[in-house]
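These notes concern the structure reproduced below.
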Amino acid sequence: MAPSQLPDLFDPVFTLQDLSVFYGDYEAVRGVNMRIAPQEITALIGPSGCGKSTVLRCLNRMNDLILDARVAGKVTYYTEDLYGESVDPIEVRRRIGMVFQKPNPFPKSVFDNIAYGPRINGQRRGLDEIVEEALHRAALWDEVKDKLKQNALALSGGQQQRLCIARAIAVKPDVILMDEPCSALDPIATTKIEDLMQVLSRDYTIVIVTHNMQQAARVSERTAFFTAEVDERGERHGRLVEFDSTARIFSNPADKRTEGYITGRFG
Amino acid sequence: MAPSQLPDLFDPVFTLQDLSVFYGDYEAVRGVNMRIAPQEITALIGPSGCGKSTVLRCLNRMNDLILDARVAGKVTYYTEDLYGESVDPIEVRRRIGMVFQKPNPFPKSVFDNIAYGPRINGQRRGLDEIVEEALHRAALWDEVKDKLKQNALALSGGQQQRLCIARAIAVKPDVILMDEPCSALDPIATTKIEDLMQVLSRDYTIVIVTHNMQQAARVSERTAFFTAEVDERGERHGRLVEFDSTARIFSNPADKRTEGYITGRFG
Amino acid sequence: ACGGGNQTAAEQEPGASQPAKELAGDVKVDGSSTVAPLSTAAAELFAEQQAKVRVTVGTSGTGGGFEKFCNGETDISNASRPIKDEEKAACQAKNIAYEEFSVANDALTVVVHKENTWANCLTVEQLKKMWEPGSKVNNWNQVDAKFPSEPLKLFGAGTDSGTFDYFTDVINGEEGKSRTDYSPSEDDNVTVQGVAGSKGGLGYFGFSYFEENAGKLKAVQVDSGDGCVGPSVQSAQDGTYKPLSRPLFIYPKAASLKRPEVLAFVEYYVANHKQIAEDAKFIPLNAQQETELQGDLAKLKTQAGG
Amino acid sequence: MSTTGTEPSPASPLERARSRYGERAVQVVLVAAALVSVATTAGIVISLVPPTAEFFESVSVAEFFTTTVWAPLFEPPAYGVLPLVTATFLITLIAVVVAIPLGLGAALYLSEYAHARTRKVFKPILEVLAGVPTVVYGFFALRFVTPALQTYLPAGLQPDIFNAISAGLVMGVMIVPTVASLSEDAMSAVPQGLRDGAYALGSSTRLVAVRVVLPAALSGVVASFVLAISRAIGETMIVAIASGNKPALSFNPLDAMQTMTGFIAQAGSGDLPTASLDYKTIFAVGALLFLITFAMNFVSARLVRKFREVYE
Amino acid sequence: MTATQRRLLVRRRVPWGDIAFKLVLRLCLAVAVAFLVTLLVYVVYKGWSRLDPRLWENFPSIRRPERAGAKSALFGSLWVIGMTAVFCLPVGILGAIYLEEYADHRRWYNRLIELNIANLAAIPSIVYGILGLGVIARGFGFGTTVITASITLSLLVLPIVIIASREAIRAVPGEIRNASYGLGATKWQTIWRQVLPSAIPGMATGSILALSRAAGEAAPLLLLGGLTYVAYIPDGLLSGYTVLPIQIYGWISQSRESFHDLSSAAIVLLLIVIIAMNSVAIYVRNRSQKRW
Ligand SMILES: Nc1ncnc2c1ncn2[C@@H]1O[C@H](COP(=O)(O)OP(=O)(O)OP(=O)(O)O)[C@@H](O)[C@H]1O
Ligand SMILES: Nc1ncnc2c1ncn2[C@@H]1O[C@H](COP(=O)(O)OP(=O)(O)OP(=O)(O)O)[C@@H](O)[C@H]1O
Ligand SMILES: [Mg+2]
Ligand SMILES: [Mg+2]
Ligand SMILES: O=P([O-])([O-])[O-]
């Protein structure tokens, strides 16, 4: 794809330049260029296996944890090369939080879940306030304020997912990445999370992967559409097809493939 | 449901009278009445959990293998009570073959897979012919005739599923039950299996469970629509809503719920 | 229970005791661990002539051996002391008749660590001080004020052994009485290792074990009132090594001697006792004992022949 | 169904074609096989209980459990089992002090740090360590470890030739694989999602291992400890060879001592008169050992079950 | 803003704690492996002079250690292990089949059997020796013979065989069973023709490991008359015997140094047998991992 068709309306938080990701010899994602705006929700959509999660994991170097994963091209965070020599991936992940598809609270108390991040950063005091604030922001405080000592696994799925968001917020990140955060949830819980995302996007830059187009349409300002293309040697590679304002993508996409996918004729 | 709305156009192979199935205390399927015609394809459709598989398993007593499953009501096979005292479930299953959702070839050669049924019935000679005939009928002969000694797990998914059908045919059953036989397959393989079903239905009575309405519409002569209803105590039970010719079910269903399901507004 | 290879007895011709003849069958020997090397040596030598006769030698201790023997489980019992009255009674109760052969001599040897420079000769009194029941002696200087301060580590025979019975009898004055806080073992080799590994160690066992390990251990002379005498072939044979020299025995079961392979083994044992004793580093019989043994053997032969 | 005359099929009725006595017979054989394990337990109980009961007719329970001299084979005999019990626990303690850090460290390394390839190499190596016969460990303790300790430890701390410390150290290494392998299983069972969650909050691998994986796997890890401890308690050959057979109420690991298993091996290989009290003593000690390990197993089974419940 | 951002992504301090932690963990593994290596090197070094055909061609001798060998122990071990396999593998595998395929786990007696097997797995081996002594050697009157030793060791490793076999059976997918039943197979036909063939690699792995455990066991045999001078190869179930671990124990307890070298050599022999058995097990396991 040629550089983003979007006019340069923002100081990007992330700039992806010709990003390719390999798992061993397999090039899962090829040549992605995009810019992600601050304090907005950016959605990544596309058929299964097109590399949405892979791209998302590049943004906070979670890919480092996959043994044979390798990144080519450049990812810039504000002005800094995210994969630069002196960059500490642990510091990266502290600044760029992540929420996963399946809620994954630690098998500890609600309080300890939220306090985990501040604690590993050496914070010992003021934890009560941090926990309360994070829970407030995650719209969970009222539901759990009486069960802070209770095991987090006893919460409902939607509550667990909001707990995971609160846990991410508690370390005061700049960015929150979410990989299909609602796909394990029922519709009511999903609505709550979507509302929460809207609220959070006032303060945080949010990037979300979703396979639910309605969700992307509902919550995001910008949408990137990925697909998997088969190259001359028969290998499938994830490609960024189109990246534009969500309104445009869903009403008047530039690319035939996007249109086909949106209208359900493709993928 | 009241006795079938269908006129008695056939000598039924199976007659289900007030069939209920329990798993322990839970009544998964309640009061089903239906008749299944010979040399035809009957499709069972309905939302997930409505008891399609459960009903299908009643027809060859596979339910016997589930520890706490229990059947009430009556299932007649031609004139014989399928659950009668002196009936041998093993004999039943020999007569009424079954093909499962996920292709499940034995980890043996193609030949041994097909020959398994005849062998356990004590047949030692003429296996070559039986295997060849079954593979011909399952439209697989041309593809595997050179790999009869090869491990069946090396076949493609669609080939494996046809192998399973050939394996079922090799014991010369009267009836073939199929539980979502294409849901693990790609569209091309699915088409092949559907064509095969059409051919087989000239000789065999076929009952198929599918969650793919198009498939039911394409292949079956009669369709039974099941749904799960919540009773006064809040428990869900599978019920037969409507059983009619496929054409009628898909064009002009008698029941609102059927119509809702068919048109995608329900379930 | 399993009567040690009776099954093959029937196949043998009666009276076949010539070594020239190929014999087969099992001979079960058990009992004293002191005598075991002697019987094992006999078995090894015998095997060179009769490869098909399978001799097993267990080491249950003299007491344990007699228990099995009188239970009919073994053919020959090794003993480092004569059979006791209650053991005789036990054998009688099971109708087990037997012969007694004295096959070698032993000099119970008291050993100390190689670097022990002070204990060259110990009196029976001093030994008793160390070993009597309730003894609290745990340093050499408590044995004799002239000895240096060195923790005393005692190693000795296990309670089921004839060695233990004999040692406690002659040193502590009553059979079976001993202090209990030492490392006992049915297996005298453990004592060798223990003493060799502890500077203040002291232990006792049969002469052959000392002979085999003379490089690692030092034997102590014993003074029973007539001056210090060390263990040796000479002193054991002439009876000057007192009170710790003793004869060693084997007890073949009369019924087993009807089996040619057992008879052949016993005859071989007796006939070659001198070579066997030397080979196993034991002290051969003295002239008088040897005459007695020849007499016993003659008696046995006439029995077997008749 | 109105007509029966025009029936197209069932050629033969659905009745049993052949009698299947074989199936029945097979089932009987299978049940019998499964019952062998029950018979084993019954056999153990039957072989332990009567002699133990007879033992306690001659020796009071109070003497057995409260007096401190163990000399059952001497004149006069003394039946205070405490020295054996304390020796057993002392040696087990030494073993555990060695095995738990090593085993846990190895498990954490293999589960959180090591590459798949490394794990593939080292797990079998640890299994070899578990497969080495215990006589070999005993030999190594007596012939290598003890002389090494005697040589390299400062004077005053030098162990006797037979001692508890070498036996305990070597036994510790012997049970490392038990701890490592079961703990590693428990750690691998911790869902990857938990690790991802922790990493995404900026944890280092160490923090993930210590704060997330270890607590989540804790009951499995503890179960591995319990199993390792019961193996140490029941281990015989190492102590029989290397710790000396001297029953002494001592807490000094440099001394020789005798454990419960050591006593059984020593007294049992002497083949005592069947009817004697000495013989029954073996069974009394055996029964005590059985009870102790049975209790340990029970605890560990509980822990394992609890650990399973967390993720299932 | 940009400047501070930049600093924030950079490692602020050297993570000594993390580095040290990783080193310590690696050290733990290294210590265990180093111990194993030391042990192997030590026994090979000690036994080197005696690692020659004398070891397996000669019978033991206490007169001439330089001529002594472990022939009777080696063959005794083969006998005892062979008979252990004959006794315990069928029983273990059949018992596992019962528990996995037939037993209704809601029944208390089946749960009792399972609990019982788990408990048996952790009972000290010397207690099995007591069982063998009290019930098999004396109770059944088999005395101290190959059959007593084999039965005792069979019971000792039976839980291992059962547990491993059950896992192997459980790993066979239910679909395979359904397919077989769907074709009109009886239960036993399904088990015999489908489940068992697929479970064999897993069962083999568990069984080999169990037998290698039995091959190294000495403690229970101490109570069963293993410590005896035996200079012949057993010729039947009622024959006397000795086995390698016991022979090693016997030689270790000898005082002459030459016997210690001999015991090291015999240890090497035993380790070769056991490591070979383990390797076969690991090989079978690795080879059969990805079936479905
Ligand atoms: N750890 C991995 N090792 C190897 N290949 C991987 C790995 N993770 C993902 N892949 C491959 O990379 C491609 C992209 O995967 P990715 O998970 O990013 O897709 P996705 O768009 O998130 O799909 P989905 O919607 O199913 O989550 C896929 O072909 C996948 O099989
Ligand atoms: N073995 C079982 N034990 C207990 N409950 C069962 C069992 N099998 C099925 N059920 C329950 O019975 C109900 C009907 O299940 P069934 O599998 O027949 O549904 P289905 O119509 O085939 O659904 P799907 O389309 O998801 O396959 C469900 O509520 C299910 O949870
Ligand atoms: Mg994804
Ligand atoms: Mg279904
Ligand atoms: O083994 P003993 O000779 O001392 O009985």
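Odds and ends about this structure:
- Of A:Thr205, A:Thr191, A:Thr42, the one that fluctuates the most in a GNM where chain A has Cα springs shorter than 10 Å: A:Thr191
- For the set C:Lys153/C:Lys177; C:Lys129/C:Lys153; C:Lys114/C:Lys136; B:Lys192/B:Lys256, the pairs lying more than 22 angstrom apart at their alpha carbons are C:Lys114/C:Lys136; B:Lys192/B:Lys256.
- Take every DSSP beta bridge whose two residues both sit in chain A; close to 60 percent of them are antiparallel.
- Distance from the stretch B:76-94 to the stretch D:188-221 (C-alpha centre basis), Å: 55 Å
- The trypsin sites (Lys or Arg not before Pro) of the stretch E:24-98 meeting both criteria, a DSSP state outside H, G, I, E and B (loop) and at most 14 other C-beta atoms within 10 angstrom of the site's C-beta, are E:Arg67.
- Distances between copies of B:Lys74, taken at a point 7 Å out from Cα along the Cα→Cβ vector and listed shortest first: 8.2 nm.
- Exposed loop sites here are GluC sites (Glu not before Pro) assigned a DSSP state other than H, G, I, E or B and surrounded by at most 16 other beta carbons within 10 Å; excluding them, the longest clear run of chain C is C:176-306.
- Gaussian network model of chain D, Cα within-10 Å springs - most flexible of D:Ser183, D:Ser166, D:Ser203: D:Ser203
- Taking every alpha-carbon pair in the protein assembly as shown and binning the separations at 10 Å intervals from zero gives 1, 7, 12, 15, 15, 14, 12, 9, 7, 5, 2, 1, 0 percent.
- Beta-bridge orientation, chain C: approximately 55 percent antiparallel, per DSSP, counting only bridges with both partners inside.
- Residue of D:Ala62, D:Ala209, D:Ala180 that the Gaussian network model of chain D assigns the largest fluctuation, springs spanning Cα pairs under 10 Å: D:Ala62
- Partner chain coverage, peptide E:189-199 - average Cβ within 10 angstrom: 3
- Inter-copy separations for A:Pro187, label at 7 Å along Cα-Cβ, nm, ascending: 2.8
- Of all DSSP beta bridges in the protein assembly as shown, antiparallel share, percent nearest 5: 60 percent
- By the rule of a C-alpha distance below 28 Å, with chain neighbours fewer than 8 residues away ignored, the lysines paired with D:Lys120 are E:Lys22, E:Lys290.
- The stretch D:156-223, Cα convex hull volume normalised per residue, Å³: 110 Å³
- In the context of the full set of protein chains, the protein assembly as shown has a per residue accessible area of 39 Å² (1.4 Å probe).
- Relative to the Cα centre, the charge distribution of chain A, modelled as +1 at Lys and Arg Cβ and -1 at Asp and Glu Cβ, gives a dipole magnitude of about 560 debye.
- Sites listed here are trypsin sites (Lys or Arg not before Pro) in the stretch A:155-235 whose DSSP assignment is loop and whose Cβ has at most 12 other Cβ atoms within 10 Å: A:Arg202, A:Arg233.
- Of the GluC sites (Glu not before Pro) found in the stretch A:43-145, those that fall in a DSSP loop while having at most 14 other beta-carbon atoms within 10 Å are A:Glu85.
- Cα gyration tensor, the stretch B:32-103 - rounded (a/c under 1.5), prolate or oblate: rounded
- Shape analysis of chain E yields a ratio of the Cα radius of gyration to the Kirkwood radius, Rg/Rh, of 1.13.
- Three-way shape call for chain A based on the alpha-carbon gyration tensor, with the a/c threshold at 1.5: prolate
- Out-of-range pairs (alpha-carbon distance over 27 Å; input C:Lys84/C:Lys299; C:Lys281/D:Lys246; C:Lys21/C:Lys258; C:Lys218/C:Lys253; A:Lys108/A:Lys172): C:Lys281/D:Lys246; C:Lys218/C:Lys253
- Nearest-20 debye value, chain E charge dipole, Cβ charges on Lys, Arg, Asp, Glu: 1340 debye
The values are calculated or read from the model by the stated rules, or taken from the named source; none is laboratory data. Owing to the predicted nature of the structure, the values given are computational and were not obtained by experimental measurement. All Cβ positions, even for glycine, are placed from backbone atoms using ideal geometry, and neighbour counts span all protein chains on display. These area figures cover heavy atoms from the full protein model, side chains too; ligands, DNA and RNA do not enter into them. Shrake-Rupley method; radii C 1.70, N 1.55, O 1.52, S 1.80 Å.
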